[in-house]
Structures are given as structure tokens and as C-alpha cells.
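Q: Please read through the structure below; I'll follow up with questions.
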Amino acid sequence: MSLLRRPKIEAKSPAQVRAMREAGLVVARTLQLARGWATAGATTAEIDRRAEQAIRAAGATPSFLGYHGFRGSLCISVNNEVVHGVPGSRVLVDGDLVSIDCGAIVEGWHGDAALSLVVGGEHGPAARAEDVAVMQDTETAMWAGIRALFAGGRLHAVGAAVEGSVRASRAERHRAGLPVSYGIVEEYVGHGIGTSMHMDPHVPNYAVKGKGPVVPMGATLAIEPMVTLGGIATRTLDDEWTVVTVDGARAAHWEHTVAVTEKGLWVLTAQDGGAAQLGAAFAPLA
Ligand code: MG
Ligand code: MG
């Protein structure tokens, strides 16, 4: 256990965090729009095209487009697709469980966030109870992971909190008569973010040995659990991007870019900065 081998978490200055908020707001607004566009009959390519227009109209650059050759401004992952779904000719239908991931750059600073939804609404006639459950419980787990962050804390508290939340939610669903099985994906994890989309450290969504590096004030991290309704094994399709579950189970994915401030947290990709979810830990920079 050498201290030198621990990836250090970069600390941003308040001015840099404020700059990242601008990118985060573009991502937040684009995802809110995309949620409305993800209706039955829409193709994932149409949603992507409108998102690219929204990002550029805000004066930002889509960070996914061209990233290692990626052909979209969003990743749109449907049903058994976990992450990195490539927008294309697929037509959404009511009851699809869709995750939309968005990244934008403003003045060199990155924001990265994702949400999941059920096409036609979670109360719609085509919505499956287990899809609604995994969608809601993955979001709950993301917020549990975010709340585990504080200046001077340890990074691996995030994964422990995510895993604990998923377990608790599953137990609650079972008590309520919905016998869901949840798998927390391990091959894809959260990450540091700033002048690049993906920076050190990795942020596992499950309990790992060791406490991980110290979280400094000014840390900016993307917290992004992915939870399936089955096993955790995944494979990548021939398009070299789209990650699907091996067992065909559907999956949900939520993500926010979070800044650790002196007195708490600022969720840079939430329109309200995380105020509604964080309570006393909500501490945006002035
Ligand atoms: Mg993302
Ligand atoms: Mg990410």
C-alpha cells in the first residue's frame, strides 16, 4: 500500500469550478430537453441531432462527438443496452427503458451527466414495474454515492454508499412484492472530470477494499452507477461502442458531475445544483 501508487484527485480552484458549472448547466438543460424528445416514434438519431443543436446553440461543444470516433452527441442506451449506445435508426416504443448520457465543453471545461426514463412515462400502460423500479433505485443510489463525498473524506465511500443503497432498495422492493434482482455493473465506473471528460481516479460503484484516495476540496467527479435487472456481465456490440448485458436484462444508468466545496457539495449538472436532494450538504460557490 504505497501512498505514491494512489491516484491523486485533482483539486480545482473556485474559479475553475464555476467555469465547470457553465458546462454542467448546458448538459442539464440538454438532458431536460432530450427527456421530452424521447417519445414513442422518435428515432435515437433524431434525439441526438436535436441535442447537438441545443448544445451548440448554448455556445458549447458536444464532448462525445468524435470522441475516439463516437458518432453522436449523446449516448442513448435502450433496454438491454447499458451504456455507450450509438444514436441511429432505432425507433423508440412505449415501455422502452432508455438512458441518455450527455457531455458538453464550455471554455475547455467538461460536464457529463445521464438520466434514465421509461418511454410513455413511468405510469404509462406500457411501463413495466421492474423497469420503473431499477430506474428509480439507480437514481437513488447515485444520490447516495454523491452524498458520501466531502472534503477530507475517502473516495471509496462512494461505492460503498451506492452498493448499500442498491441493496436496501432491492430489499424494499421485495417487501413490497416486487422480486427484482439487481446487478451493479463493475466494468464501467465513475471518474474524475475537468479539462478532460475522463480523468483519474476511477470511481467504483461497489464496495472495494481500501478507503481510496482522500477527496480534496475542489475535487470534481462524475458519479454514475449502472444497475441491471439481472447479471453484471456485459459485452460490446459489433459497432464497437454499445455495451449490452450478456443475459439480456434491462439496465438503468444515472450520472452527475459533482464538485466538492468547502462546506459541502455542488452538483454541477443539476439545474438546481442539487439543492432538492442534498439538504444541508448543498453548498454551491457564490
Ligand atoms: Mg456520461
Ligand atoms: Mg461519465
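The values are calculated or read from the model by the stated rules, or taken from the named source; none is laboratory data. Model, not experiment: these values are computed from the prediction. Neighbour counts run over all protein chains shown; Cβ positions are idealised from the backbone, glycine included. These accessible areas exclude ligands, DNA and RNA; they are computed on the full protein's heavy atoms, side chains included. Shrake-Rupley method; radii C 1.70, N 1.55, O 1.52, S 1.80 Å.
Q: Within segment 164-178, which residues are surrounded by fewer than 20 Cβ atoms within 10 Å (Cβ to Cβ) and of a type in the set (Gly, Ala, Ser)?
A: Answer for segment 164-178, where residues must be surrounded by fewer than 20 Cβ atoms within 10 Å (Cβ to Cβ) and of a type in the set (Gly, Ala, Ser): Gly164, Ala168, Ala171, Ala176, Gly177.
Q: List the residue pairs whose Cβ atoms are under 8 Å apart, where the first residue sits in segment 95-114 and is over 14 Å from Gln32 (Cβ atoms), the second is within 10 Å of ligand 1 (Cβ to nearest atom) and hydroxyl-bearing (Ser, Thr, Tyr), and the two are 6 or more positions apart or on different chains.
A: The qualifying pairs are Gly103/Ser63; Ile105/Ser63; His110/Ser63; His110/Thr257; Asp112/Ser63; Asp112/Thr257; Asp112/Thr269.
Q: Follow-up. If the Cβ limit is 8 Å and pairs must be 6+ apart or interchain, which residue in segment 222-242 that is away from ligand 1 (no atom under 14 Å from the Cβ) pairs with which residue that is among the polar types (S, T, N, Q) and assigned to a loop (DSSP other than H, G, I, E, B)?
A: Close Cβ pairs (under 8 Å, with a partner that is among the polar types (S, T, N, Q) and assigned to a loop (DSSP other than H, G, I, E, B)) amount to Leu229/Ser181; Gly230/Ser181; Thr236/Thr242.
Q: Filter segment 171-200 down to the residues that are within 16 Å of ligand 1 (Cβ to nearest atom), over 14 Å from the mean Cα position of the chain (by Cα) and within 18 Å of Ala151 (Cα to Cα) and list them by number.
A: Gly194
Q: Those residues that are touching a Lys or Arg at 6+ places or on another chain (Cβ under 8 Å) and under 18 Å from Ile193 (Cβ atoms), I need them from segment 31-67; list them, please.
A: Those that are touching a Lys or Arg at 6+ places or on another chain (Cβ under 8 Å) and under 18 Å from Ile193 (Cβ atoms): Pro62, Leu65.
Q: Could you pull out the residue among Ile47, Ile76 that is within 16 Å of ligand 2 (Cβ to nearest atom) and modelled with pLDDT of 95 or more?
A: Just one listed residue meets the conditions, Ile76.
Q: Follow-up. When segment 85-94 is examined, which residues are found to be within 16 Å of ligand 1 (Cβ to nearest atom) and either more than 16 Å from Ala34 (Cβ to Cβ) or out of contact with any strand residue (DSSP E or B) (no Cβ under 6 Å at 6 or more places or on another chain) (or both)?
A: Val86, the sole residue that qualifies.
Q: Would you confirm whether any residue within segment 117-140 is crowded, with 22+ Cβ neighbours inside 10 Å, within 16 Å of ligand 1 (Cβ to nearest atom) and over 21 Å from Gly183 (Cβ atoms)?
A: No: segment 117-140 contains no residue that is crowded, with 22+ Cβ neighbours inside 10 Å, within 16 Å of ligand 1 (Cβ to nearest atom) and over 21 Å from Gly183 (Cβ atoms).
Q: Something else now. I'd like to verify a number: residues in segment 265-275 that are away from ligand 2 (no atom under 16 Å from the Cβ) and either open to solvent by less than 10 Å² (accessible area, probe 1.4 Å) or within 25 Å of Leu65 (Cβ to Cβ) (or both), how many?
A: 4
Q: Here's a follow-up. Considering only segment 144-163, how many residues are more than 13 Å from Ala207 (Cβ to Cβ) and surrounded by fewer than 20 Cβ atoms within 10 Å (Cβ to Cβ)?
A: The qualifying residues number 4.
Q: Going residue by residue through segment 244-267, is there one that turns out to be closer than 20 Å to Ala144 by Cβ, at pLDDT 95 or above, among the charged types (D, E, K, R) and in contact with a Phe, Trp or Tyr (Cβ under 8 Å, 6 or more places away or on another chain)?
A: No, segment 244-267 contains no residue that is closer than 20 Å to Ala144 by Cβ, at pLDDT 95 or above, among the charged types (D, E, K, R) and in contact with a Phe, Trp or Tyr (Cβ under 8 Å, 6 or more places away or on another chain).
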